[in-house]
Every structure is written in C-alpha cells, then in structure tokens.
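Reading through the structure tokens given below for one structure.
What follows draws every value from the coordinates through simple rules; no lab data is involved. Given the structure is predicted, the values throughout are model-derived calculations rather than measurements. Here the Cβ is made from the backbone with ideal geometry for all residues, glycine too, and neighbour counts use every protein chain on show.
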Amino acid sequence: MPGNGNQLSARAPDRDTGRGREQDPAQDRDPSDDGLLAVRAGEGDEEAFEVLVRRHGPVMLQLATRLLGNRTEAEDAVQDAFVNAWRKLPEFRGESAFRTWMYRIVTNRCLNQLRARRPATDLDSVPEPAAPEYQSSPARVAESHAATRALAVAMAGLSPEQRACWVLRELHGLSYESIAETVGISLQAVRGRVFRARRYLTEAMSAWR
Amino acid sequence: MALNAHSGRPGEPGRTPDEPATTPDEESPTDDNALDESSAATERAVPETGTRENGARENGALDARAPEADDEELLPCGRELSAVWEAWEAGESGLDPHLADCPHCSAALADLAALDDAVREARADDPSDATGLAELTGRVMDMVRLELRPGRSLPLGAPEDDAWIVEAAAARAFRAAAESLPSVRAGSCRIAPLDPAVARRGGGAAGGPADRGPVQVRLEVVAGLQWPLPELAESVRARVAEAAEDAIGIDVARIDVLIVDVLDEEDPAGSGEHQEGGHR
C-alpha cells in the first residue's frame, strides 16, 4: 500500500551539511531536542510536553521563586505558565528556543503578579518583606548566609521591572540581548534597569555591612 | 550612601535627594524615557522638590518610567558610575589605571564586588529544591489532559468498518516507528485524508462512510550524519508503513519524509535525556 509517496524533501543540511547551521546563528538552536519536542507538543503530543515540563520545570521554578520571593506563589506561577504554554504551543514557531520562550512566559506571569501586589503597599514605608520561604529554614539563618539574606531583603526594594532584569542577568546569566527579548523591552532599557538595580542593591548592601 | 536616603521610593531606588538631575540627552532614547520626557523635564526644572516621586506615583508604573537621566551619576572624579561598572562587567576594569588609583572609582568597584559576592552565593543557593517538582509536573499534566488536542479522526480498518483513530494517537505510533531506527528523531507528524474534499470536511469527530478512505502522512525527522539521506528516507517510510499496516491498521497511501536536520553527533543531542521520558 504505501511507499508511493516519492518525495524526499530535505532542507539545507543535505546539500551542504553543517553550513546551514553556521549561516543562521540567529536561530538560537537548542543544544537539546527541545525544538522537536515543542513541535510535537504543539501537535497534541502531551508526552513530549511532559518531557519539556520535567526538563525546564526546575529552572522555571527557580526563576519564579527568585522573582516572587515565595515558593508557594512561585509554584502556582510556574504551573500557570506551563498550562499557558501548552495552549500557545500550536502557534509556537520556534523562532526562539523553547527555554527562552518559557523564560518569557514565566517572567511575564511573575511581573503581573508583582505589579498587582504594589498598590497594597504603602510607598512611604519600605515594606518589611517576608523573608522568602527558602530563606527561613534553619540553615539559612546561619551567619554564613547573612549576606544572601540581606540581599534577599534588599531585592524586595526593587521595582518589579528592575527585579526581573536583574535576576535574569545576575542569577540566571542571561545576556542583555536575551533579557530584552524575554521582557520585551529595548536593550538600552535593560541596561538601565540592571544598572539601577545594582546601584540600589550596592547601597542597600553597604548599609548592611 | 545610605539606604534610608531613598527609602520608601522603590520606584527609583538609588537616587539620593541631593543628587543633581542630569539631562537624558546623551542616552539614546528608549521606550522608557520616551514615555517620560514630561517627567524628566519637570525634574530638570525643579530637581529637589520631590516632583519626581509624585510623578512616579501618578503614572503608577514606577521604575520603568523613571527617566534614564537617573542612570547618569557622576562620581566626584568626573567618571560615570555606569561606565565604571560596565568596565568591571566587561572584565576591563584592570585596563584603566585611573580606576585603581581613584578613591571614588575603587570604592564604587568595591561596592559592586561586595554585591557580587552575595550574588554568587545566591546563585549557588538553589531556592527550588526538587521537593514538589514531581507534584508540580503532575498538576500541570492533569490540567493539560483536560485540554488535549487529539486532532482529526481518521478511519481505521476496512472500508465497511466504523472504527476511527485520532490523529495524535496515530502520529505517536508513527513517530515511535521512525525512532526505532538508530539516531533518528521524529518531530512534526501530520496525517490527513488523501482526498482533499474529505480533508476539507474533516472536523474533530468521526465522520460517516463518505469520510473513509486512505490517508497521507507527512513526517519530519532529524538524523545522525551516518545516514545516506535517500536510504534514511526509505527506511523511515518502511517503518511507518509497517506500523500503519501491522500496529494500527490504517490505510496509508502516501508517506512524505522530510529530513529537517542532520546532526553531526554520533548520537543526536538529547536522546539520552529523551529516553527517560519514555519516547524511545
């Protein structure tokens, strides 16, 4: 029965192997097979999606915890972000890597939550931030972590936008370009926010020292 | 510089009240300061009256709207703080002797280095330990299974039967068949009725006898370099045909194989990780 489909369509790599990839560095190719799995998930393969959730869940939870300062809220945010990703995957064209795409969804979700929090805060008093839960375990209270703790407290004084840019840059090691793409602002705006966050944090930390 | 100098103004951390306002003109315009020309202008006119905070509160967006002028803080030696820190970030602070000689610059660098120490600790301190991750994945997948996208229904078995299979299930079987070949990974797999009229009618639900007929498969694969491409396409096609006939019982009239990438690696990246997901 089958076999009469006599089409062999191969894109660039079959004619000049390897060059295809070098020619297109903007493709932001995943080192892993995320791209394949994302396509499959977009076509309704929930098992492929589960592999992606397992693979990227830890980093996304890390990011959300750092942005929100609260593990429970972070878990909710990451859950929402992945469900949202499942819904949007049929339109995912793979212009960026799946991880970059997830960074964007999680960051936006957390930014919305942080912004929604702000009106409740009296701007004339520095909110006493609940020390993030992960900071509260006995080990974290130890003296050797005092600097980390002071940093976590200081981070609460950053605006949501500064916090997002700074966390992506300093704690997740993203390039300024990736952050601009993730947050959806200009490169210059990212640099400005990271600078202002650093200036605020150095001052806060020097007060602590 | 003390923390309390700007407490209560999270929208513009770091700015001390006695800081002279500078013009934003040297910065290239950004979406941020473009939105804020007005408040920057106000600030230039009355730099120390707190107009700025009011402005920030009014437009509610806080920092994002803080004028970029805020980024230009001159150290007493005339260097810009941002430039000094940028040199440090680029690993070039050693190239400029002034930075080490100048007390203001070296103090600024020491501040940043102290922050960096805390940052490095925070980076190593993974706030998301593995506890709860499995539960999180479980909750996500429970939600996903409420919103499955099974695709169209395709006819199974003989023409007189009334058996159907959803596209997603058939695609899963075909991908697995292709991946039974060494170093082959399958991506997109679309299956549609061969007859364009039927294909156009095709909705989600199982159709009537008129909707039955052979289907066509379009499968994208990635494979290791060791495969001669024509042989690869032929082998994939054979595996898919075999699965269609023996495993599923679906009448496949045409199989298009698209080789979308060739991997240099002996073993395509990620395949090891992939196995744990149970796809092989």
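Below is a table of values for the structure above.
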{"item": "Equivalent ellipsoid dimensions for region B:151-263 as semi-axes, Å, which come from the Cα gyration tensor, largest first", "result": "27, 13, 11"}
{"item": "Long-range amide H partners of B:W164 with built H, under 5 Å", "result": "B:L156"}
{"item": "Number of partner chain Cβ atoms within 10 Å, mean per residue of A:76-86", "result": "4"}
{"item": "Along principal axes, Cα extents of region A:33-117, largest first, whole Å", "result": "36, 20, 17"}
{"item": "Region B:81-125: radius of gyration over Cα atoms, expressed as a fraction of 2.2 N^0.38 Å", "result": "1.20"}
